[in-house]
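Read-outs throughout are calculated quantities, based only on the coordinates presented, and are distinct from any laboratory measurement. Note that this is a predicted model, so its numbers are computed, not measured. Every residue, glycine as well, gets a Cβ built from its backbone with ideal geometry; the counts of neighbours run over all protein chains shown.
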Amino acid sequence: MKDGAVAMTIDSRTALARRGRQLEYFTIVWNSLEGLIAVISGVFASSVSLVGFGVDSFIEVTSGAALLWRMSGDADRWERERREATTLRVVGICFLALAVYVAYIAIGNLLSRTASAPSAVGIALAAVSLVVMPLLARAKHRVACGLVSGAMHADARQTEFCMYLSAILLGGLLLNAVLRLWWADSIAALLMTPIIAREGIAGVRGHACCD
């Protein structure tokens, strides 16, 4: 009976690791497409925040690739722990890079005082991202709890930040398109920067961002 329970636990963990890899493959494909669309539409609209959102998506591709590497070594306990620590640091560095970039873009927008052209593509992209990102983050958290993976929790938290940035982007694009309030999304982005940086520092120190 005990052997059967152990086998079931191993099978369950293997299934969870496989699910985690599938989620990361989806993350990489989604963020690659999202990043390309955001950057191209941002260039055409002269929207720095939209281009910044695209760069954020590319940063998340790096995080997804790091998690795939971690999931591929899940069967071996010692290899799993080594990859877990390394992946946490990679995700943490991604957070810090994101914090610096968000602050840079937001300050640049405020100093330049230039309003971008309305972007219907950008508004649609941000709206779709607001629907997809919470579902993806929830699925990642479930896998992370099953695997007891701080790195997966950290990546899920980064997906949640993408959702927050999508909301900021959508609000900024709508306010710019409707009311021409060019500064609104920059202020909101600056308020988020310390939170993102804190999560990055936790990851670099080797702690799960949810701890």
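Odds and ends about this structure:
- Each Lys and Arg contributes +1 and each Asp and Glu -1, all at the Cβ; summed about the Cα centre of the chain, the dipole is approximately 180 debye.
- Fewest neighbouring Cβ atoms within 10 Å first, the residues ASP155, ASP56 line up as ASP56, ASP155.
- The trypsin sites (Lys or Arg not before Pro) of the stretch 112-179 that DSSP puts in a loop, and whose beta carbon has at most 10 other beta carbons within 10 Å, are ARG113.
- Pairs of Cα atoms nearer than 8 Å and 6+ residues apart set the relative contact order; for the chain it is 27 percent.
- Cα centroid separation - the stretch 134-211 against the stretch 85-117, whole Å: 11
- Loop-located trypsin sites (Lys or Arg not before Pro) in the stretch 162-208 (DSSP state other than H, G, I, E, B) with a sparse environment of at most 11 neighbouring Cβ atoms within 10 Å: ARG180, ARG205.
- Using θ = phi - 60° in the Karplus curve 6.51 cos²θ - 1.76 cosθ + 1.60, the 3J(HN,Hα) couplings for the stretch 49-59 round to 5, 5, 5, x, 4, x, 5, 4, 5, 5, 4 Hz; x is entered for Gly and Pro.
- Along each principal axis, taking the top coordinate minus the bottom one, the Cα set of the stretch 2-204 gives 66, 29, 21 Å in descending order.
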